[in-house]
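Asks: There's a structure below that I have some questions on.
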Amino acid sequence: MKKSLLAILIASGFILSACDDQELTQKLTDAEQKITQLETELKAIQTEQATKNSVVENSQDAFPTLNVEITELFNKSETLKVKDNLYEDENESEEQFYDSRVAVFATTATTNVDWLNSLLFKEIINHYSDEELNIGNEIITKENATELFSSMYDDFVNEVKQGGYFIGLTEAETTTYVNQRGNIATFTQHYDSYTGGAHGMYYTRYLNIDVNKKAVIQLNDLVEPSKQQELKDILWQEYMSMNAGEDGQISAFVTDKNEFELSPDFYFTDDGITFVYPVYALGPFAAGETKLHAYFYDINALLSKDYQRTAKDGFNVYPDSIFY
């Protein structure tokens with residue numbers, strides 16, 4: 001009896017031990033699965049956070065949507081009483097004086113991008129300089145531009161006081177924001193001056209700024225020199241069409257083809273690029289500035305890769321099957 005009981009107890013011990021081992025094994029298996037699940041979730045969280053960090057970094061480096069406000073740089077004028085030293089009349093008992101007006105006015109486009117503000121100031125200063133400034137990465141400030149116009153005003157006053165300008169001297173510069181499309185932000189800087197004569201003179205500079213390069217797109221950047229003759233031929237045909245009468249005869253006021261050049265001033269449109277010529281370049285003063293338009297489907301292959309239109313711009317996306 002005692003042996004049987006002992007055998008039963010030993011057998012029960014083995015059974016209980018086996019049950020404990022199975023339960024422990026199951027717990028270890030569950031724990032390993034849980035660890036694997038947690039590791040997977042951790043990797044997913046780390047990947048998500050890395051993506052968010054990348055988005056934040058890219059958003060900090062990306063060029064923002066422009067917030068532009070036109071602000072005044074300089075505005076000063078006065079009318080001077082100046083002695084007439086040029087046309088003195090011996091029969092006149094009193095000295096002759098005339099009114100001569102001096103005026104200088106300037107604006108800029110103030111944006112939410114510091115380097116762009118500096119670049120706009122630089123372009124203004126370069127316009128009035130005999131040689132383009134080689135300033136590298138030097139920051140040009142509002143104070144630099146204001147100093148330029150203040151000095152100009154003082155020079156005008158001195159010139160008028162010395163005689164010779166019966167009506168006066170005036171200069172105006174106005175900056176305008178046109179638009180922003182992709183990596184190109186476009187501004188104009190319009191210059192209007194009067195130094196005597198029947199009328200003043202004006203000129204509009206178009207600034208297409210590549211925000212990726214932080215630079216104004218020049219003609220040679222747009223079209224390399226080896227391809228510019230082909231572009232010139234396209235614009236010449238546009239110029240001839242513009243000046244042709246109903247009978248097909250070309251106006252007598254057109255410029256000679258040998259003197260026709262590409263304008264360094266241009267702006268982008270939805271379907272092409274418009275080149276702007278100053279007064280007198282292609283016609284009389286009364287004709288004003290002349291605009292010649294070239295369509296992308298004619299010139300896209302001539303453009304530098306950076307400025308060609310592609311399918312993502314909606315260029316040449318029509319399938320052949322849509323036409324009959």
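Asks: Placing unit charges on C-beta atoms (Lys and Arg positive, Asp and Glu negative, everything else neutral), compute the dipole magnitude of the range 111-223 about its Cα centre in debye, rounded to 20.
Replies: Taking the Cα centre of the range 111-223 as origin, the dipole is about 440 debye.
Asks: Here's another thing I want to ask about it. To the nearest 0.05, what FRET efficiency results for Gln37 and Asp306 with a Förster distance of 41 Å applied to their C-beta separation?
Replies: About 0.25, to the nearest 0.05.
Asks: Cβ under 11 Å from Tyr206's Cβ, Tyr206 left aside: what net charge do those residues give with Lys, Arg +1 and Asp, Glu -1?
Replies: -1
Asks: Quick check on the range 177-316: what are the equivalent-ellipsoid semi-axes from the Cα gyration tensor, as sqrt(5λ), descending, whole Å?
Replies: 27, 21, 13
Asks: Per residue of the range 206-219, what does 6.51 cos²θ - 1.76 cosθ + 1.60 with θ = phi - 60° give for ³J(HN,Hα)? Whole Hz please, x for Gly and Pro, Karplus curve as stated.
Replies: These are the phi-based 3J(HN,Hα) values: 9, 10, 9, 9, 7, 6, 6, 9, 6, 8, 6, 6, 8, 4 Hz.
None of the figures in this text is laboratory data; all of them are computed from the coordinates on show. Just so it is clear, the model here is predicted, and its values are computed rather than measured. Glycine gets a Cβ as well: all are built from the backbone with ideal geometry, and neighbour counts include every protein chain shown.
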